[in-house]
Amino acid sequence: MKKIIGNFKMNQTPSQTKDYLINFLPRVDATKNEIILCFPATSLTTAKFLVEGRGVKLGGQNICDEEINHNMGEVNGVMIREAGAEYVVVGHSERRSKYKENTRTNNRKIKIALKNRLKVILCVGENLAERNTLKMLDSLKNQIEESLKGIYENELQHITIAYEPIWAIGTGKLPTNKELENAVKAIRKVICDDFSEKAGQSIDVVYGGSLDAKNIGQYLKLDTIDGFFVGGSCLDPAGFAQIIKLI
Ligand code: 13P
């Protein structure tokens, strides 16, 4: 069973979410793959009632890195969980680049998410400069180690690592199978070294960046990957359902 995660980013009002799900849900089989839809916080409650009993899960796109209430404009774990989220995304590159979030922020968010019984999708990935100067593996190692500082091995079962090379997000550029395999291997090795061999082999690692119905096929035979994180191509319900059918 693969994880297929849709990242709606800043798309879908509550009424658009309703229309989307009415179209999408009958097209997918949530017993074959784990389907997780990460809607904006304002759409979660609408989505929660529509996905009920359908096996499709929901994720939040953000969680505040502090537990105090004086955090204007932020959402906390209790809020998104009650709104329907089972997962929350942490460390997405758009949050890192535009909102200056870093591995310390990720670390606080992960701890707060787990405390609130939310599963975490932790995004990591190198930028183009790191890729071009062969610093990719160091960058991945650093992002994972800093973000997971103080996390216990038994908590890793609630964490999925999303490998999202920044240069591949929304660009139409994709890693080759070999590059993707190497990155996933490197991610597992960090977990093996810092936790245990078993943890490194069993942690879920998914890939995200410019996936669509035409290119996803090339990655399907890679058994080191546990799933896919889809951005732009999840916005059309029929198109996303088509992608899911291929997996
Ligand atoms: P795209 O699929 O639009 O490249 O976005 C990927 C992404 O950011 C998933 O989190």
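The values are calculated or read from the model by the stated rules, or taken from the named source; none is laboratory data. For clarity, every value in this text was computed on a predicted model and none was experimentally measured. Neighbour counts are summed over all protein chains in view; Cβ atoms, including those assigned to glycine, are modelled from backbone coordinates with ideal geometry. Areas reflect the complete protein model, heavy atoms only, side chains present, ligands, DNA and RNA absent. Shrake-Rupley method; radii C 1.70, N 1.55, O 1.52, S 1.80 Å.
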Give me the distance in nm between label points sitting 7 Å out from Cα along the Cα-to-Cβ direction at residue 221 and residue 99, one decimal.
4.0 nm
Non-local amide H neighbours of residue 121 (under 5 Å, H modeled in plane, Pro and chain starts lacking H): which ones?
88, 89, 90, 160
Please list 136, 10, 79 in order of solvent-accessible area, largest first, computed with a 1.4 Å probe with all protein chains present.
10, 79, 136
Could you work out how much longer the chain between residue 202 and residue 152 gets when fully extended? Use 0.36 nm per residue separation minus the Cα distance between them, nm to one decimal.
16.5 nm
Accessible-area composition of region 91-233, carbon plus sulfur, in percent [1.4 Å probe]
51 percent
Let me know the longest stretch in the chain that avoids all trypsin sites (Lys or Arg not before Pro) found in a DSSP loop with at most 10 other C-beta atoms within 10 Å.
101-213
Karplus-derived 3J(HN,Hα) from phi for region 179-196 (6.51 cos²θ - 1.76 cosθ + 1.60, θ = phi - 60°), whole Hz, x at Gly and Pro, runs 4, 5, 4, 4, 5, 5, 4, 5, 5, 5, 5, 4, 5, 4, 5, 8, 10, 7
Where in the chain is the longest stretch that carries no chymotrypsin sites (Phe, Trp or Tyr not before Pro) classed as loop by DSSP and with at most 11 other Cβ atoms within 10 Å?
1-98
May I ask which of 3/57; 109/141; 111/178; 3/185; 111/141 have a Cα-Cα span longer than 22 Å here?
111/178
Give me the one-decimal nm value for the distance between modelled label points at residue 185 and residue 128, 7 Å along each residue's Cα-to-Cβ direction.
2.7 nm
Output wanted: per-residue J couplings in Hz (rounded whole) for region 211-221, from phi through Karplus 6.51 cos²θ - 1.76 cosθ + 1.60, θ = phi - 60°, x for Gly and Pro.
6, 8, 5, 7, 9, 5, x, 5, 9, 5, 8
³J(HN,Hα) across region 109-114 via Karplus (A = 6.51, B = -1.76, C = 1.60, θ = phi - 60°), whole Hz, x for Gly/Pro?
5, 4, 5, 5, 4, 5
Give the residue from 175, 24, 58 lying farthest towards the positive end of the charge dipole for the chain; charges sit on Cβ (+1 for Lys and Arg, -1 for Asp and Glu) and the dipole is referred to the Cα centre.
24
Give me the one-decimal nm value for the distance between modelled label points at residue 2 and residue 31, 7 Å along each residue's Cα-to-Cβ direction.
2.1 nm
Residues whose built amide H sits under 5 Å from the amide H of residue 58, excluding neighbours closer than 5 in sequence, are 37, 86, 87
For residue 19, what accessible surface area do you get with a 1.4 Å probe? Give it in Å², rounded to 10.
100 Å²
Fully extended contour minus Cα-Cα distance, from residue 78 to residue 246, at 0.36 nm per residue
57.0 nm
If amide hydrogens are placed 1.01 Å from N in the peptide plane, which non-local residues have theirs closer than 5 Å to the one on residue 227?
3, 207
A student asked for the Cα radius of gyration and Dmax of region 1-131 in angstrom ought to give 15.0, 45
What is the ratio of the Cα radius of gyration of the chain to 2.2 N^0.38 Å, with N the residue count, to two decimals?
0.95
FRET efficiency for residue 117 and residue 42 from the Cβ-Cβ distance with R0 = 22 Å, rounded to 0.05, comes out at 0.50
Given charges at Cβ of Lys, Arg, Asp, Glu: region 79-180 dipole, positive-most of 154, 143, 112
112
